[in-house]
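Participant: So that we are looking at the same thing, I have put the structure below in structure tokens.
The values are calculated or read from the model by the stated rules, or taken from the named source; none is laboratory data. If you're wondering where the values come from, they're calculated on a predicted model, not measured in any experiment. Because the Cβ atoms are built from the backbone with ideal geometry, glycine has one as well, and the counts that use them run over all protein chains shown. Keep in mind that these areas ignore ligands, DNA and RNA; they rest on the heavy atoms of the full protein, side chains included. Shrake-Rupley method; radii C 1.70, N 1.55, O 1.52, S 1.80 Å.
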Amino acid sequence: MKVMVVGSGGREHALAWKIRQSSLVREVFALPGNPGMEAVARRLPGDPRDVATLVRAAEDNGIGLTVIGPEDPLAVGVVDTFTGRGLTVFGPTAAATVLESSKVFAKGLMREHGLPTADFRVFDSPEEARAYVAGLPEGPVVVKADGLSAGKGVAVAAGKAEALAAIEEIMVLKTFGPAGRRVVIEEFLTGEEVSVLALTDGEEVLTLGAAQDHKQIHDGDRGPNTGGMGAFSPVPAYTPEVGTVVEERILKPAVRAMAASGRPFRGTLFAGLMLTAGGPKVLEFNARFGDPETQVLLPRLRCDLVPLLLAAARGSLAGLRAEVSRDAAACVIMASSGYPGPYEKGLPITGLEEAAAAGATVFHAGTARDASGRLVTAGGRVLGVTAVGSDLAAAAARAYAAVERISFRGAHYRRDIGGRRRGAARKEG
Ligand code: AMP
Ligand code: GLY
């Protein structure tokens, strides 16, 4: 069959790479894809948010399965249109995507159905939000804008003054646009953060595994948040016992709650969790694969992904299992100098063949070809250098050996991906 992957980042490169390995798949298409994906997919031009373009691409090329990477095409109803035309597509409907796009909806659903999450209040006026913060004891509190704001509408405030400033920015200055009409103010949770990715067909849940993301730009989790500077999997704190609790108390109840609310959810259910002393609690749900979590989860998947995606899309996941390797995977993001602020583009990239020879798989994100066909930088996060090893230290060492062979001017990467665990392993040894 022919499969089309929609999107152009590292997550989509990893999806296309994994899908290409399927014995069921004759050809992979990527719309619009990126230069790295050319090794595994045929690229098609177009805007992934343009539903008509996607439908035409699927129909003209005889695509048997379309897999949506980012949230924007989901939110504008690509899945609804495809399904209406009898096209097989993996991802939730627009109605179900609100689980990600509205924090107020997600928190309300969790409260109504008893899913563990931070205690919270919702406000639609800045006066009431300020008055509420004024009445809280001094200490950290979290303020979240109620809409898609590219992961930036969340303020983890150290105290009341910062929380008041966040309310001002979100609700009054409207820095995040219409997402700032309402805010969720919630309890600050502590613990280890973990991303869990599961496939669901609206009833059954099949967990692919857990990964940990490194959001801040600098080593030691310092500096501003980014789209993600690296990831690793598995996560030692995510034990089989924790996994069972997450499936029984969070993932399955979430899928049942979505069906009960008239928004049956099919696709990837991504739970961002805090492993607190009182058990795992939901920070947020996403309606798609994570980036860069996908880049470390798919290399560990021993089985064919395509039958699982098809079963999730068709409602026949019951009885299927995912075979996940015991090996560890680490992904180090190489970013443009200046990111997440302004950065230069068009800088030549070298060393990718040497990186592959060092045993890494390099997933492209912000890359392009210049007029002479040379590979150049074209985004903030440029490459996701990924490697597998018998344990996290081995995987990270192999990824870093490959990173050192790649160059572009000003390349920035964290040197501590998976580092905390590596430090602990040294102490034990
Ligand atoms: P979210 O988009 O809701 O996942 O929030 C973005 C990030 O803010 C999370 O990945 C956490 O690092 C942090 N965060 C969100 N909610 C909380 C909370 N209640 N307590 C502590 N940190 C939080
Ligand atoms: N890595 C977090 C996300 O994909 O939202």
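Participant: What is the number of the single condition among (1) touching a residue at least 60 places away in the same chain (Cβ under 8 Å); (2) in contact with a helix residue (DSSP H, G or I) (Cβ under 9 Å, 6 or more places away or on another chain) that Leu136 does not meet?
Facilitator: (1) is the only condition that Leu136 fails.
Participant: May I ask you to verify whether Gly319 is free of Cβ contacts under 8 Å to residues at least 12 places away in the same chain, closer than 30 Å to Leu206 by Cα and open to solvent by 20 Å² or more (accessible area, probe 1.4 Å)?
Facilitator: Criteria met by Gly319.
Participant: For the stretch 391-405, does any single residue satisfy the condition of being in contact with a helix residue (DSSP H, G or I) (Cβ under 8 Å, 6 or more places away or on another chain), part of a loop (DSSP other than H, G, I, E, B) and of a type outside the set (A, V, I, L, M)?
Facilitator: Step one: list which residues in the stretch 391-405 are in contact with a helix residue (DSSP H, G or I) (Cβ under 8 Å, 6 or more places away or on another chain), which gives 391-393, 396, 402-403, 405.
Adding the requirement that they be part of a loop (DSSP other than H, G, I, E, B) leaves 391, 405.
Among the residues that remain, those that are also of a type outside the set (A, V, I, L, M) are: 391, 405.
Yes: the stretch 391-405 contains one or more residues that are in contact with a helix residue (DSSP H, G or I) (Cβ under 8 Å, 6 or more places away or on another chain), part of a loop (DSSP other than H, G, I, E, B) and of a type outside the set (A, V, I, L, M).
Participant: What number of residues in the stretch 115-138 are out of contact with any Phe, Trp or Tyr (no Cβ under 7 Å at 6 or more places or on another chain), closer than 24 Å to Thr190 by Cβ and not in a helix (DSSP H, G or I)? Even if it seems obvious, please write down each step before you answer.
Facilitator: First, pick out the residues of the stretch 115-138 that are out of contact with any Phe, Trp or Tyr (no Cβ under 7 Å at 6 or more places or on another chain): 115-120, 122, 124-128, 130-131, 133-138.
Applying the additional criterion that residues be closer than 24 Å to Thr190 by Cβ yields 115-120, 122, 133-138.
Applying the additional criterion that residues be not in a helix (DSSP H, G or I) yields 115-120, 122, 135-138.
Final tally of qualifying residues: 11.
Participant: Show me the strands (runs of 3 or more DSSP E) found entirely inside the stretch 339-378 where at least 3 residues are free of Cβ contacts under 8 Å to residues at least 24 places away in the same chain and in contact with a strand residue (DSSP E or B) (Cβ under 8 Å, 6 or more places away or on another chain).
Facilitator: Because the criterion is at least 3 residues that are free of Cβ contacts under 8 Å to residues at least 24 places away in the same chain and in contact with a strand residue (DSSP E or B) (Cβ under 8 Å, 6 or more places away or on another chain), no strands (runs of 3 or more DSSP E) in the stretch 339-378 meet it.
Participant: Moving on to the next point. Every residue in the stretch 256-280 that is touching a strand residue (DSSP E or B) at 6+ places or on another chain (Cβ under 7 Å) and either under 25 Å from Ile417 (Cβ atoms) or open to solvent by less than 10 Å² (accessible area, probe 1.4 Å) (or both), please.
Facilitator: Taking the stretch 256-280 and keeping what is touching a strand residue (DSSP E or B) at 6+ places or on another chain (Cβ under 7 Å), we get 265-275, 280.
Phe265, Gly267, Thr268, Leu269, Phe270, Ala271, Gly272, Leu273, Met274, Leu275, Pro280, listed by residue number.
Participant: Here's something else I'd like to know. Could we say that Val385 is within 18 Å of Ile417 (Cα to Cα) and part of a strand (DSSP E or B) here?
Facilitator: yes
Participant: Related question: Here is a check on your reading of the model: is Phe265 away from ligand 2 (no atom under 16 Å from the Cβ), under 18 Å from Val282 (Cβ atoms), within 19 Å of the chain's Cα centre (by Cα) and not aliphatic (A, V, I, L, M)?
Facilitator: Yes.
Participant: May I pose another question? From the list Pro253, Pro292, which one is open to solvent by 10 Å² or more (accessible area, probe 1.4 Å) and either more than 16 Å from ligand 1 (Cβ to nearest atom) or in contact with a helix residue (DSSP H, G or I) (Cβ under 9 Å, 6 or more places away or on another chain) (or both)?
Facilitator: One residue alone meets the criteria, Pro253.
Participant: Only one of these conditions is not met by Pro224: (1) away from ligand 2 (no atom under 11 Å from the Cβ); (2) open to solvent by 20 Å² or more (accessible area, probe 1.4 Å); (3) modelled with pLDDT of 95 or more. Which number is it?
Facilitator: Pro224 satisfies all of (1) away from ligand 2 (no atom under 11 Å from the Cβ); (2) open to solvent by 20 Å² or more (accessible area, probe 1.4 Å); (3) modelled with pLDDT of 95 or more except (3).
Participant: Does any residue in the stretch 395-412 that is of a type in the set (S, T, N, Q) come within less than 8 Å, Cβ to Cβ, of a residue that is open to solvent by less than 60 Å² (accessible area, probe 1.4 Å) six or more places away or on a different chain, and which pairs are these?
Facilitator: Between residues of the stretch 395-412 that are of a type in the set (S, T, N, Q) and residues that are open to solvent by less than 60 Å² (accessible area, probe 1.4 Å), the close pairs are Ser407/Ile349; Ser407/Gly351.
Participant: A follow-up question, please. If I filter the stretch 164-187 for residues that are touching a residue at least 60 places away in the same chain (Cβ under 8 Å) and away from ligand 1 (no atom under 16 Å from the Cβ), do I get at least one hit?
Facilitator: No, that holds for no residue.
Participant: Let me ask something additional. Say whether the condition of being buried (at least 16 other Cβ atoms within 10 Å of the Cβ), small (Gly, Ala, Ser), over 24 Å from Pro340 (Cβ atoms) and away from ligand 2 (no atom under 16 Å from the Cβ) is met by at least one residue in the stretch 148-169.
Facilitator: The answer is no, given that none of the residues of the stretch 148-169 is buried (at least 16 other Cβ atoms within 10 Å of the Cβ), small (Gly, Ala, Ser), over 24 Å from Pro340 (Cβ atoms) and away from ligand 2 (no atom under 16 Å from the Cβ).
Participant: Of all residues in the stretch 179-193 being of a type in the set (Val, Ile, Thr) and open to solvent by less than 50 Å² (accessible area, probe 1.4 Å), which is nearest to ligand 2 (Cβ to nearest atom)?
Facilitator: Pass one, the stretch 179-193, residues of a type in the set (Val, Ile, Thr): 183-185, 190.
Among the residues that remain, those that are also open to solvent by less than 50 Å² (accessible area, probe 1.4 Å) are: 183-185.
On the way: Val183: 20, Val184: 17, Ile185: 21 Å.
The selected residue is Val184.
Participant: While we're here: Return yes when Glu127 is acidic (Asp, Glu), over 26 Å from Glu71 (Cβ atoms) and at pLDDT 95 or above and no when it is not. Write out each step before concluding.
Facilitator: Details: acidic (Asp, Glu): yes; over 26 Å from Glu71 (Cβ atoms): yes; at pLDDT 95 or above: yes.
Answer is yes for this residue.
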